[in-house]
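First the structure, in the form of structure tokens, and then the observations on it.
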Amino acid sequence: MLETLWAALPALLESGTRDLHLLLAVAADLVARFGRPGAPPAGLEGLASRSGRSRLVTEARRLRSVEPASAGERRRVARDVLARRLDRAAGSLEDRA
């Protein structure tokens, strides 16, 4: 999901998509958990450098400055996600039996 969002952000930033601050917030949260998938999207720096305190500018600044989680934290998150998926799969199998 992060890679898809990251790839779409330049076009979204350029178009000024409605509620873009929400997508920037999701991207910042994902970067914090899983790391940055590449160079910052085109247009992010300009938006983050604007004056003001709107939610859009605030989330752009947060995305620009968020520090990715450590390798150990990313492994922990990946294990948790995998465990939840396995639990759901096991539940689905039990429901079918």
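Net charge near residue 71: determine it from the other residues with C-beta under 14 Å of the C-beta of residue 71, scoring Lys and Arg +1 and Asp and Glu -1.
Here the charged neighbours net out to +4.
Which percent of the accessible heavy-atom area of the chain goes to carbon and sulfur, probe 1.4 angstrom?
So the carbon and sulfur contribution to the accessible surface is 53 percent.
Is the range 36-97 rounded, prolate or oblate when judged by the Cα gyration tensor, a ≥ b ≥ c being the square roots of its eigenvalues, rounded requiring a/c under 1.5 and prolate requiring a/b larger than b/c?
Prolate shape, in that a/c is at least 1.5 and a/b is the bigger ratio.
How big is the charge dipole of the chain about its Cα centre, in debye rounded to the nearest 20, if each Lys and Arg gets +1 on its Cβ and each Asp and Glu gets -1 on its Cβ?
The calculation lands at about 220 debye.
Using a Gaussian network model of the chain with C-alpha springs under 10 Å, which one of 87, 19, 29 is most mobile by mean-square fluctuation?
In the Gaussian network model the winner is 87.
How many Å² of accessible area per residue for the chain, probe 1.4 Å?
Roughly 69 Å² per residue, with all protein chains present.
The values are calculated or read from the model by the stated rules, or taken from the named source; none is laboratory data. The shown structure was predicted, so the numbers you read here are calculated from the model rather than taken from an experiment. Note: ideal-geometry Cβ built from the backbone for every residue, glycine included; neighbour counts use all protein chains shown. Surface accessibility is based on the protein's heavy atoms, side chains included, excluding ligands, DNA and RNA. Shrake-Rupley method; radii C 1.70, N 1.55, O 1.52, S 1.80 Å.
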